[in-house]
Amino acid sequence: MNIVILGPQGSGKGTQATMLAEKYNLAHIETGKLLREIANSDHPRSGEIKNIMNNGLLVSDKILGEVMVGVMDNQKDKAGFVFDGTPRNLEQYNLIKKILNEKGETLDKVIVINISEDETIKRLTSRRSCSVCGRVYNIITNPSPNGDLCECGGGLVQREDDQPESIKKRLQTYHERTSKVIDLAREDGILEEINGERPIGEIFNDIVKLVEKINGKN
Ligand code: AMP
């Protein structure tokens, strides 16, 4: 089973993708996290990638393709993939379909989690992540019980690209490019849209219902 979870930054797509990956034994392909890991490593392109990310721009489809293929080839024990953070444009949508096709697989669903722009800005400016284990909190809706520290004891930091100016650029890019992906997924007959301004469990139940349809259980 191969699923794309789409939504603006802060829509909770990462949380839903993580839950989905766990429930159905899927490999969670989270491109933002993969790229952040490379940006913070001694990879030859780390400086270039970091600069692009901190400016709220997209890394090239070529770099993204290389990163994704490398990770996807390493997931043979999984029952499929859940993509989170990609596709961000038509080229990436076609790339995902091509990579899956080469593995004898198809893309089954594109699930879009919708939230308003005000809600995105509110959620992202209050997001904090652990500098040690990467766990994500929200100082309003999901604070750490340890205050300024993560439950593992690590310090909580704000992502460099979660500043208002960067968020606005990322949102603009999301709407400009992703709307075309949504149109194509609709044409392909695999698009589903979900209201993301609800409790996490409620959204997940809706996603599970859609996914069970792929499994032919409904
Ligand atoms: P995210 O964590 O998904 O908000 O991604 C953080 C940053 O990583 C983005 O602003 C981009 O610079 C880069 N990035 C993540 N996913 C992609 C992608 N699919 N294509 C290009 N750039 C990406």
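The values are calculated or read from the model by the stated rules, or taken from the named source; none is laboratory data. Keep in mind the model is a prediction, meaning the values are calculated, not measured. Quick reminder, even Gly has a Cβ in these numbers, built from the backbone with ideal geometry, and neighbours come from all protein chains shown. These area figures cover heavy atoms from the full protein model, side chains too; ligands, DNA and RNA do not enter into them. Shrake-Rupley method; radii C 1.70, N 1.55, O 1.52, S 1.80 Å.
Its DSSP H runs of at least 4 residues, each contributing -39,500 (n - 2.57), put the calculated 222 nm mean residue ellipticity of the chain at -15000 deg cm²/dmol, to the nearest 500. Determine which residues of the range 91-115 fall in the zone a paramagnetic label at Thr141 would reach in this model, i.e. backbone nitrogen under 20 Å from the point 7 Å along Cα→Cβ. Within reach of a label on Thr141: 111-115.
Here the accessible area is traced with a 1.4 Å probe on the protein chains. For the range 19-59, carbon and sulfur cover 47 percent of it. Averaged over its residues, the chain has an accessible area of 52 Å² per residue, based on protein heavy atoms and a 1.4 Å probe. In terms of its C-alpha gyration tensor, the range 173-218 comes out oblate, because a/c is 1.5 or above while a/b does not outweigh b/c. The listed residues Asp108, Asp162 rank as Asp108, Asp162 when sorted by accessible area, largest first, using a 1.4 Å probe. Net charge of the neighbourhood of Ile99, taken over other residues with C-beta under 15 Å away and scored Lys/Arg +1, Asp/Glu -1, is -1. Would you mind checking Lys13/Lys98; Lys50/Lys103; Lys13/Lys33 for any pair whose Cα atoms are more than 20 angstrom apart? Violating the 20 Å limit, Cα to Cα: Lys13/Lys98; Lys50/Lys103.
Amide H to amide H distances under 5 Å link Thr86 with Thr31, where only residues 5 or more positions off or on other chains count and H is placed in the peptide plane. Under 1.5 on a/c is rounded, so check that first for the range 8-86, then, if it is not, pick prolate when a/b is larger than b/c and oblate when it is not; a ≥ b ≥ c are the square roots of the alpha carbon gyration tensor eigenvalues. Since a/c reaches 1.5 but b/c is at least a/b, the shape of the range 8-86 is classed as oblate. I'd like the distance separating the alpha-carbon centroids of the range 166-194 and the range 7-66, in whole Å. Using only Cα atoms to place each centre, the spacing works out to 17 Å.
Shown are Arg135, Arg170, whose ranking by accessible area with a 1.4 Å probe and every protein chain present, most to least, is Arg135, Arg170.
Across the chain, C-alpha contacts under 8 Å between residues 6 or more apart give a mean separation that, scaled by the residue count, equals a relative contact order of 29 percent. For the range 105-218, with all protein chains in place and a probe radius of 1.4 Å, 48% of the accessible heavy-atom surface sits on carbon or sulfur.
Rounded is the label for the chain, because a/c, from the alpha-carbon gyration tensor with a ≥ b ≥ c as root eigenvalues, stays below 1.5.
Whole-Hz Karplus values for the range 193-204 come out as 10, 9, 7, x, 9, 9, x, 3, x, 5, 5, 4 Hz, taken residue by residue from phi with 6.51 cos²θ - 1.76 cosθ + 1.60 and θ = phi - 60°; glycine and proline positions read x.
Amide H contacts for Arg159 (H built 1.01 Å from N in the peptide plane; partners 5 or more residues away or on another chain; cut-off under 5 Å): Ser129.
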